[in-house]
1. Filtering region 202-217 down to residues that are within 11 Å of the ligand (Cβ to nearest atom) and surrounded by fewer than 24 Cβ atoms within 10 Å (Cβ to Cβ), which residue is farthest from the chain's Cα centre (by Cα)?
2. Name the residue that is surrounded by the most Cβ atoms within 10 Å (Cβ to Cβ), counting only residues in region 218-238 that are over 22 Å from residue 189 (Cα atoms) and within 9 Å of the ligand (Cβ to nearest atom).
3. Specify the residue that is nearest to the ligand (Cβ to nearest atom); the eligible residues are those in region 179-190 that are in a helix (DSSP H, G or I) and farther than 21 Å from residue 95 by Cβ.
4. What single numbered condition from (1) in contact (Cβ under 8 Å) with a residue 60 or more places away in the chain; (2) more than 16 Å from residue 119 (Cβ to Cβ); (3) within 18 Å of the chain's Cα centre (by Cα) fails to hold for residue 92?
5. Consider residue 74 against the criteria (1) touching a strand residue (DSSP E or B) at 6+ places or on another chain (Cβ under 9 Å); (2) more than 25 Å from residue 164 (Cα to Cα): it satisfies all of them except one. Which criterion is unmet?
6. Any idea how many residues of region 123-146 are without any contact (Cβ under 8 Å) to a residue 60 or more places away in the chain, closer than 19 Å to residue 104 by Cβ and not in a helix (DSSP H, G or I)?
7. Out of 176, 118, 138, I need the residue that is surrounded by fewer than 18 Cβ atoms within 10 Å (Cβ to Cβ) and within 15 Å of the ligand (Cβ to nearest atom). Which one?
Ligand code: PGA
């Protein structure tokens, strides 16, 4: 049975004081919701602060990005070892904003995923089509290409610990999430692709696939209830105590329903 996973992506938001207020509020409201996994990915500047706030809670710490080299003359970059050192367990890789604004290719994303795994960080690998690609009927083609390229060289035994996030680019930050049918269809397709890629169907069954793209307390129940949806990667709605805590509560209820 896969455990639902609610992951917050704060993106380039939050300063020290607001971040402390936000995380304390979330801790307070989610303290007893222990049936699911929760992760928060603040900007690099707040990793240390959030790490100390979440001590003794079941909230885990994630980074929004990582570089693939271990150390050296790469001004401005952060290595997987540094993330581990500050207390991260997870790292978001290949987010569409990084693909779009920072020109990250599938080759770079694959290197990042391999480097993260080598350092015992769980990659949350983001894939998803643009609206143009969906209109042209290319959704599966794009997902197939991204996932197979990004996972190249990853051993079978490490594969089931990876988290995939299906994030249709057109649904991110737009207030217009994909429909539950579109989401289930994409998730089930991704699981099929993993099944073929991995040596055993068991791996594809264990691997968690999150949905991301305008998920909020209003649409979460129906999205999370889909058979192949194992949680959410939450942007906008993760920046508010009420909406993020409600999402965690909804996931907790859905988890119990799915069991
Ligand atoms: P959103 O972002 O929830 O604001 O749409 C999701 C994401 O980009 O991970």
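Here, each number is a calculation from the coordinates, and none is a lab measurement. Just so it is clear, the structure is predicted and the values come from calculations on it, not from any experiment. Note: ideal-geometry Cβ built from the backbone for every residue, glycine included; neighbour counts use all protein chains shown.
1. So the first thing to find is which residues in region 202-217 are within 11 Å of the ligand (Cβ to nearest atom), and the list is 210-216.
After this cut, where a residue has to be surrounded by fewer than 24 Cβ atoms within 10 Å (Cβ to Cβ) as well, the list is 214, 216.
Numbers: 214: 14, 216: 15 Å.
Result: 216.
2. Going residue by residue through region 218-238, those that are over 22 Å from residue 189 (Cα atoms) are 218, 235-238.
With the extra rule that they be within 9 Å of the ligand (Cβ to nearest atom), the set shrinks to 235-238.
Details: 235: 21, 236: 18, 237: 20, 238: 24.
In this case the residue turns out to be 238.
3. Initially, region 179-190 is screened for residues in a helix (DSSP H, G or I), giving 180-190.
Among the residues that remain, those that are also farther than 21 Å from residue 95 by Cβ are: 180-181, 184-185, 188.
Numbers: 180: 16, 181: 19, 184: 18, 185: 19, 188: 21 Å.
Filtering first and then ranking leaves 180.
4. Only one criterion in (1) in contact (Cβ under 8 Å) with a residue 60 or more places away in the chain; (2) more than 16 Å from residue 119 (Cβ to Cβ); (3) within 18 Å of the chain's Cα centre (by Cα) is unmet by residue 92, namely (2).
5. (1)
6. 4
7. Working: 118 fails: within 15 Å of the ligand (Cβ to nearest atom); 138 fails: within 15 Å of the ligand (Cβ to nearest atom).
Going through 176, 118, 138 in turn, just one is surrounded by fewer than 18 Cβ atoms within 10 Å (Cβ to Cβ) and within 15 Å of the ligand (Cβ to nearest atom): 176.
For every residue, the table says whether it meets (1) in contact with a helix residue (DSSP H, G or I) (Cβ under 9 Å, 6 or more places away or on another chain); (2) buried (at least 20 other Cβ atoms within 10 Å of the Cβ); (3) in a strand (DSSP E or B); (4) on the phi < 0 side of the Ramachandran plot.
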residue: 2; (1), (2), (3), (4): yes, no, no, yes
residue: 14; (1), (2), (3), (4): yes, yes, no, no
residue: 23; (1), (2), (3), (4): yes, yes, no, yes
residue: 29; (1), (2), (3), (4): yes, no, no, yes
residue: 34; (1), (2), (3), (4): yes, no, no, yes
residue: 40; (1), (2), (3), (4): yes, yes, yes, yes
residue: 47; (1), (2), (3), (4): yes, yes, no, yes
